[in-house]
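Note sheet for the following structure.
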Amino acid sequence: MSLIAPRSQEWWKDATFYQIYPRSFFDANGDGIGDLEGVRSKVDYLHWLGVDAIWLNPIYASPNADWGYDVSDYYHIDPVFGGFDEFDALLQELHRKEMRLVMDLVVNHTSTEHPWFTSSLEDPAGPCGDFYIWQQGVESGPPNNWHSFFGGSAWEFKKEREEYYLHLFAAGQADLNWENPAVRQEVYNVMEWWFRRGIDGFRMDVINMISKDSRFPNDSRILDPIATRGTPYFVNGPKLHDYLREMRSEALQRPEVTAIGECPGATVEDVRMLSNLDRRELDAVIQMELMELDHGAGGKWDIRRWRPEELAAKITEWQSGLQGAAWPANFFSNHDQPRALSRFGDDTTYRYESATMLALLLLAQSGTPFIYYGEEVGMPNADYDEIGHYLDVDTRNYYGLRTMEGKPESQVMETIRYMSRDNARSPMQWDRSPNAGFTRGTPWIPMGRRAREVSVESEQEREPSVLQEYRRLIALRKEERLLRRGRFVPVETGNPSLFAFEKRGDESALLVLVNLTASPQNSGSNSDLQTRFSAGGAPPEIYNNYRESEAPESLAPFESVIYRLAGGREERNDLSNTF
Ligand code: ISL
Ligand code: CA
């Protein structure tokens, strides 16, 4: 049973989301590309799993410079995914099961094949002339030194206009000029059109980058040569809050829809403003700090080692920092990141243990959790060993730039095998048949290296399994309000490999205790943790990913436990359990 009543307000706060990269989920017609009919045929599975809402990556018409994040028509579905019949059927099927559908809204930029761009290019004095960010070059070079997220200058010259246009991402993704009210109106029209079609909200792509400093200053910081340049002038730009407030009043008045913003580079302070519970610009913010744990000074391709206590500290910082002020969106994986299991866990020896550890950490945090397709079966990185198998523009640009500079190919590939976005874009693994049951054709991107080993089928047969534990934890989260909304209180364990926190309410509390490592760990003496256990022995466990356990004295590799603590009187006046 879904927890969400139809049209209830703020349904997203108690919902567990599941993110679907439609190209890779399930191919119903055998052309090798996942499609809407494929998603529809798996709604029963998602319902069985217990998720309440789906976030679908872009399905709009697109030339695929960045797999759908370069939209050429917001009012059409890319025919490889199906048409409106298939879309409406999927939406209906989800709603029949009381599940919600959130779509991607990509309006920081459009494809350079969008008719607005063509018109802007060819007719500067026409209605779309000012739809994009056009600037004169400086001394026969680009207007400034900003660098695209995908490498190289963020400016592209067009001889038709004798000007450069800005692209914070690929050259095929031109940034829209939000200063122009006509652009903003077009965006609101798109939103309203999809709301009328019946969708339940948007996940808004890089929405914190829509306002640029229109003086376009050089970024004069001393930076690693491969780092993105210019961010202080377009991340959280001068008019961002004005635009979001206008968007709320023009396009987001319906109480039943949600607006979740993706905001790379946002700090706790930024998010306390952007999704402030009173200001309500955005309902929740997807921020990236946890994903930057293994980034060095040069950014994502400059990989650094991270320590378990840093992971714990980041979660603590965000859970505590947003408390009472803003609504968190929590995730460990998405289509832009390596698989969390391969990154923060151990995808070989302790695949089950570490995948369930991450499941518990995700689902025990307050806020809205997002599970990424395949995460629930413990899919590891795709780990392709040839550059030709990588189809992501960012990965290919990185390969091109670095090998051209003379960096050894083996080193470049090692980095790519760890960090490429394609690690998490390989097809969903359904069963043991060829192509793991994803398609009867040839998959658009190769199957992950270990596709035969891990699948929904094999995980459903085993007990316990990653999949069964996800299902159990999703159900537990529905029963236990404290998991969803309890007040987060960090607990000192005296051991940097052990992460513990309470989820407190007025009368009772849960205690979460997690071993973040592949070695057994003892819970320290004289710690905060011991005081929770001292009175009357260990409290009752309501979850443990191990069936036999010596917790709390000693935790096996990645062992993860939830205890129910008796309520302390001192909590009586604490009203903040509504996060
Ligand atoms: O994945 C990244 C770089 O490879 C991130 O910097 C990512 O680009 C950033 O988080 C913004 O992501 C979103 O917008 C991009 C798109 O490529 C991503 O897939 C999307 O999630 C541009 O639309
Ligand atoms: Ca297909």
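List of remarks:
- Within the range 186-203, considering residues that are among the acidic types (Asp, Glu) and more than 19 Å from the chain's Cα centre (by Cα), the one surrounded by the most Cβ atoms within 10 Å (Cβ to Cβ): Glu186
- Scanning the range 499-529 for residues that are of a type in the set (Gly, Ala, Ser) and either in contact (Cβ under 8 Å) with a residue 40 or more places away in the chain or within 13 Å of Val489 (Cβ to Cβ) (or both) yields Ala500, Gly505, Ser508, Ala509, Ala518.
- Residue selected from the range 330-364 under the condition acidic (Asp, Glu) and farther than 24 Å from Gly261 by Cα, by the criterion nearest to ligand 1 (Cβ to nearest atom): Asp347
- Remark: Ser354 matches the filter, which requires a residue to be under 26 Å from Thr517 (Cβ atoms), crowded, with 22+ Cβ neighbours inside 10 Å, in contact with a Gly (Cβ under 8 Å, 6 or more places away or on another chain) and modelled with pLDDT of 95 or more.
- Between Arg485, Arg421, the distinction of being surrounded by fewer than 23 Cβ atoms within 10 Å (Cβ to Cβ), more than 24 Å from Leu293 (Cβ to Cβ) and among the basic types (Lys, Arg) belongs to Arg485 only.
- On the stretch given as the range 32-62, residues that are within 16 Å of ligand 2 (Cβ to nearest atom), in contact with a helix residue (DSSP H, G or I) (Cβ under 7 Å, 6 or more places away or on another chain) and of a type outside the set (Lys, Arg) total 9.
- In the range 107-135, the residues that are touching a Gly at 6+ places or on another chain (Cβ under 8 Å) and surrounded by fewer than 20 Cβ atoms within 10 Å (Cβ to Cβ): Glu113, Ser119, Asp123
- Pairs where the first residue, in the range 51-71, is under 19 Å from Glu375 (Cβ atoms) and the second is basic (Lys, Arg) and buried (at least 24 other Cβ atoms within 10 Å of the Cβ), C-beta under 6 Å, 6+ apart: Ala53/Arg100; Trp55/Arg203
- Cβ-Cβ under 8 Å pairs, at least 6 apart or on other chains, the range 417-445 side within 16 Å of ligand 1 (Cβ to nearest atom), far side in a loop (DSSP other than H, G, I, E, B) and modelled with pLDDT under 95: none
- Any hit, the range 450-473, residues being within 16 Å of ligand 1 (Cβ to nearest atom), of a type outside the set (Ser, Thr, Tyr) and surrounded by fewer than 18 Cβ atoms within 10 Å (Cβ to Cβ): no
- Matching option when the condition is small (Gly, Ala, Ser), touching a residue at least 24 places away in the same chain (Cβ under 8 Å) and assigned to a helix (DSSP H, G or I), among Ser333, Ser320: Ser320
- When residues of the range 1-46 are limited to those that are on the phi > 0 side of the Ramachandran plot and modelled with pLDDT of 95 or more, the one farthest from the chain's Cα centre (by Cα): Gly30
- Taken as a whole, the structure places Tyr74 among residues that are more than 16 Å from ligand 2 (Cβ to nearest atom), modelled with pLDDT of 95 or more and surrounded by 20 or more Cβ atoms within 10 Å (Cβ to Cβ).
- Given (1) surrounded by 15 or more Cβ atoms within 10 Å (Cβ to Cβ); (2) in contact with a helix residue (DSSP H, G or I) (Cβ under 7 Å, 6 or more places away or on another chain); (3) in contact (Cβ under 8 Å) with a residue 24 or more places away in the chain; (4) not aliphatic (A, V, I, L, M), number of the condition Asp104 does not satisfy: (2)
- Restricting attention to the range 536-570, the residues that are over 23 Å from Ile474 (Cβ atoms), modelled with pLDDT of 95 or more and in contact with a Ser or Thr (Cβ under 6 Å, 6 or more places away or on another chain) total 0.
- Residue selected from the range 15-31 under the condition among the hydroxyl-bearing types (Ser, Thr, Tyr) and out of contact with any Pro (no Cβ under 9 Å at 6 or more places or on another chain), by the criterion farthest from ligand 2 (Cβ to nearest atom): Tyr18
- Single residue of Lys13, Lys42 found to be touching a Lys or Arg at 6+ places or on another chain (Cβ under 8 Å) and more than 16 Å from ligand 1 (Cβ to nearest atom): Lys13
- Candidates are the residues of the range 293-320 that are under 27 Å from Arg417 (Cβ atoms) and among the acidic types (Asp, Glu); the one that is farthest from ligand 2 (Cβ to nearest atom) is Glu309.
- Residue, surrounded by the most Cβ atoms within 10 Å (Cβ to Cβ), within the range 386-408, restricted to residues that are assigned to a loop (DSSP other than H, G, I, E, B) and more than 25 Å from the chain's Cα centre (by Cα): Lys407
- Pairing residues of the range 123-147 that are of a type in the set (Ser, Thr, Tyr) with residues that are part of a loop (DSSP other than H, G, I, E, B), at Cβ distances under 6 Å and at least 6 apart in sequence or on separate chains, gives Tyr132/Asn177.
- Some residue of the range 382-400 being over 29 Å from Asp270 (Cβ atoms), away from ligand 2 (no atom under 16 Å from the Cβ) and in contact with a Pro (Cβ under 7 Å, 6 or more places away or on another chain): yes
- For Gly83, the criteria (1) within 16 Å of ligand 2 (Cβ to nearest atom); (2) under 20 Å from the mean Cα position of the chain (by Cα); (3) of a type in the set (Gly, Ala, Ser) hold in every case but one, which is (2).
The values are calculated or read from the model by the stated rules, or taken from the named source; none is laboratory data. As the structure is a prediction and not an experimental result, all values here were calculated from the model. So basically every Cβ, Gly included, is an ideal-geometry build from the backbone, and we count neighbours across all protein chains shown.
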